[in-house]
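Asks: Just dropping this structure here.
What follows is calculated from the coordinates using simple rules that are stated; it is not laboratory data. For clarity, every value in this text was computed on a predicted model and none was experimentally measured. Cβ atoms come from the backbone with ideal geometry, glycine included; neighbour counts cover every protein chain shown.
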Amino acid sequence: MSATEQTIRSGQEGADVSRSNGSKVKCVLLVEEEPFVRVALLNNLRWAGFDVDVASNGTIALEKLRSGAPDAVFLDITLPDMDGVEVIREARRQPEYADLPIYVYTGTSPGRMIRRATKAGATKIFDKFTTPIDVIV
C-alpha cells in the first residue's frame, strides 16, 4: 500500500494547494469513517477541483477544523466517536465557523437524527442512497 493510500485510510491526509494563477483552491474537510467511501468521495471531490483534507472521526475533524481553514465541511452523520450533529454543534459554537457551509451526506433514514442535524446548523443534507456524489459535487 502506498503512503498516500495509508494516509487516506487513516483519515489524516490534507494539504493547502494553490492554482497556477495564484487563486486558492477551495478546500473541503471530508469526514467519513468508512475507508472505501472516504476514498470514493475524496476522488470525486478532487476530480471536481477541490483540495480535500480528510478525517475518519469527529475528534480528528474538530482538530483539523481548528488548525486549518476549510471552505466547507462534508460529513457523514454517523461517526465512531461522536455523531456528526456534535461536530456541527461544536463548529457552530465558534464565531469564525458560524457561516461555514456544512454538508451532511448520510444513509441515515429521515427522522430524528436528520432533524437534529438541521437544527444544529447543517447547511444541507444529502441522502447517500438517492443522491449520487457527482450530482452533489
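Asks: Tell me which lysines have Cα within less than 23 Å of K24's Cα, excluding those fewer than 8 residues away on the same chain?
Replies: Candidates past the 8-residue exclusion: K64.
Asks: Please compute, over every Cα-Cα pair in segment 78-133, the percentage with a separation greater than 16 angstrom.
Replies: 40
Asks: Can you run phi through the Karplus equation (6.51, -1.76, 1.60; θ = phi - 60°) for segment 24-29 and list ³J(HN,Hα) in whole Hz, with x for Gly and Pro?
Replies: Calculated HN-Hα couplings, in order: 6, 6, 5, 9, 10, 8 Hz.
Asks: With Cβ to Cβ distances under 11 Å as the rule, what net charge do the other residues near A120 carry (K, R +1; D, E -1)?
Replies: Computed value for this residue: +3.
Asks: Okay, next question. So how do 63-69, 29-35, 46-52, 131-137 stack up, highest first, on mean other-Cβ count within 10 Å?
Replies: The most tightly packed comes first, giving 29-35, 46-52, 63-69, 131-137.
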